[in-house]
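First the structure, in the form of structure tokens, and then the observations on it.
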Amino acid sequence: MPTYASKDELDFDLSQLPCLPAFDHVEMAAPDFFDVQYAINPHMLDASGALQRIDRKLAQQQWNSVREAIESAGVTVTVEPALADHPDFVFCANPWLPIPAEVTGEGPHCVPSRMASDERAGEVARWCESLADRGWKVAPLTGTAKCLEGTGDGLWHPRRQLLWAGIGSRTERGAWEELAERYGLHVVLLELQDPALYHLDTCLAPLDERTCLWSPSAFTSAGAALIEQLFEDAIAVSEPEAHESFVCNAFAPDAGGAARPVVLQKGAQRVVRELSERGFSPIEVETDEFLKAGGSVFCMKMAHPVRVDQ
């Protein structure tokens, strides 16, 4: 299946794509060892250039609040025990990419990430082992792409077999081309251009089939045109909202029903108002301690459609 890097290349309509089930199960990783011990993104340094300092007790409380908010939306949460000496393990959106059974034609696949930083490479094996024990097939990349960072850069379009694919410092185009060919997927390529929004999940949040939050300045003109073409309602987020509160790192739990919850960092009043006007139910949470490491709600979870007892 070809990948799509510009609006002119599109040869499909979303309504024509095969459906996906609800992504109504979430993995989270316990934050016991969460800390900032190195700098692999701009947010990990304070204004003086020193490493950010984490209040571990407060971080635990904030993690609990995120979990409770997701569970309140009717989503099942499974918690992976913390991994010693891996302070970013809590950001479980990055070490793997889920490929649903509806795409593979068999059981669910886990595509292990090839992390861009050595500091996080050890997280991948732990997740692969845990998932394999629960019946997932581990399906590594076989090509030459050096980097792929899971759902940090690979976002499933809600309820459709379409993958939004970020290209930048954390994921290479070749990884997406390999997966598009392997699984016969429609993959839309979006080049990232803002160093502070280093993953796709920091500047694009699909909320439902027709709606997303996005930060227009994070994308090239070609990427912006693709987003505006495929989402009927693309809610633009300002640079301050995107940079300071990571509002595009929101998560819309897919548990059905009329509530249409969106879990997001507290404080983006304009975005909360716009979501409410569209019939969504914003759930604001505090993730300030995690923002110091360059992550918020979406980074702290991995959503998929597979029963945890499968």
- Task: Could you check the simple spin-label distance between residue 106 and residue 32, using points 7 Å along Cα→Cβ, in nm with one decimal?
- Result: 3.4 nm
- Would you please classify the overall shape of segment 210-297 from the alpha carbon gyration tensor, given that a ≥ b ≥ c denote the square roots of the eigenvalues, rounded means a/c under 1.5, and beyond that prolate means a/b larger than b/c while oblate covers the rest? oblate
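Quick check for the chain: number of Lys pairs with alpha-carbon distance under 22 Å, counting only pairs 8 or more apart or on different chains?
Numbers: 57/266; 57/292; 57/301; 137/146; 137/301; 266/292; 266/301; 292/301.
Pairs that pass both the separation and distance tests number 8.
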- Message: Taking loop as defined by DSSP and a crowding limit of 16 other beta carbons within 10 Å, which GluC sites (Glu not before Pro) in segment 65-172 fit?
- Response: 106
- Note on the structure: Distance in nm between residue 16 and residue 278 label points, each 7 Å along Cα→Cβ, equals 2.5 nm
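Given the peptides 214-227, 30-43, arrange them by the average over their residues of other C-beta atoms within 10 Å, most packed first. Walk me through the numbers on the way to the answer.
On the way: 214-227: 19.9, 30-43: 18.1.
So the peptides 214-227, 30-43, ranked by packing, come out 214-227, 30-43.
With an 8 Å Cα cut-off and a minimum separation of 6 or more residues, compute the relative contact order for segment 1-129 in percent. List each step's numbers first, then the result.
On the way: 137 pairs, mean separation 32.8, N = 129.
Computed over segment 1-129, the figure is 25 percent.
Using a/c under 1.5 as the rounded threshold, could you call segment 73-201 rounded, prolate or oblate? The axes a ≥ b ≥ c are square roots of the C-alpha gyration tensor eigenvalues, and prolate needs a/b larger than b/c, oblate otherwise.
Values: a/c = 1.40, a/b = 1.06, b/c = 1.31.
Rounded shape, in that the Cα axes give a/c under 1.5.
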- Task: Determine the gain in length on full extension of the stretch residue 9-residue 269; use 0.36 nm per residue of separation and subtract their C-alpha separation, reporting nm with one decimal.
- Result: 89.9 nm
- Which entry is the computed mean projected area of the Cα convex hull in nm² for this structure: (1) 19.9; (2) 18.5; (3) 14.3? (3)
- Note on the structure: Note to self: C-alpha centroids of segment 124-142 and segment 150-165 sit apart, in Å, by 19 Å
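Expressed as a rounded percentage, what relative contact order does segment 159-212 have, with Cα pairs under 8 Å and six or more residues apart?
Details: 54 pairs, mean separation 22.3, N = 54.
Over segment 159-212, the number comes to 41 percent.
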- Label model pair residue 61, residue 82: point-to-point distance (7 angstrom along the Cα→beta-carbon line) in nm is 1.7 nm
- Task: Take the alpha carbon atoms of segment 193-215, find their center, do the same for segment 1-22, and report the distance between the two centers in whole angstrom.
- Result: 18 Å
- Structure-based [θ]222 nm, the chain - -39500 (n - 2.57) summed over DSSP H runs of at least 4, per residue, nearest 500: -7000 deg cm²/dmol
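What is segment 235-286 by shape, rounded, prolate or oblate, if you read a ≥ b ≥ c off the alpha carbon gyration tensor as root eigenvalues and call it rounded for a/c under 1.5, prolate for a/b larger than b/c, and oblate otherwise? Don't jump to the answer; show the numbers that get you there.
Values: a/c = 2.16, a/b = 1.67, b/c = 1.29.
Verdict is prolate for segment 235-286.
Find the relative contact order for the chain and round it to a whole percent, using C-alpha pairs within less than 8 Å whose residues are 6+ positions apart. Please list the in-between numbers first.
Working: 671 pairs, mean separation 75.7, N = 310.
Value for the chain: 24 percent.
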- Dipole of segment 1-114, positive end: most advanced residue of 87, 109, 21 [Cβ charges, Cα centre]: 87
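Note down the magnitude of the dipole of the chain about its Cα centre, charges +1 on Lys and Arg C-beta and -1 on Asp and Glu C-beta and zero elsewhere, to the nearest 20 debye. Please list the in-between numbers first.
On the way: 25 positive and 47 negative charges, 55 e Å.
Charge dipole, the chain, about its Cα centre: 260 debye, nearest 20.
What's the local net charge at residue 1, with K and R +1, D and E -1, over the other residues with C-beta under 13 Å away?
Values: positive: 182; negative: 9, 11, 177, 178, 181.
Around residue 1, the surrounding residues sum to -4.
With only Lys, Arg, Asp and Glu charged, each at its Cβ (+1 for the first two, -1 for the last two), find how big the charge dipole of segment 152-194 is about the Cα centre; round to the nearest 20 debye.
On the way: 5 positive and 7 negative charges, 55 e Å.
Once rounded to the nearest 20, the dipole reads 260 debye.
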- Note on the structure: Using alpha carbon centers only, segment 52-122 is separated from segment 254-271 by a whole-angstrom value of 20 Å
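Read-outs throughout are calculated quantities, based only on the coordinates presented, and are distinct from any laboratory measurement. Note that this is a predicted model, so its numbers are computed, not measured. Cβ sites come from the backbone with ideal geometry, for glycine too, and all protein chains shown count toward neighbours.
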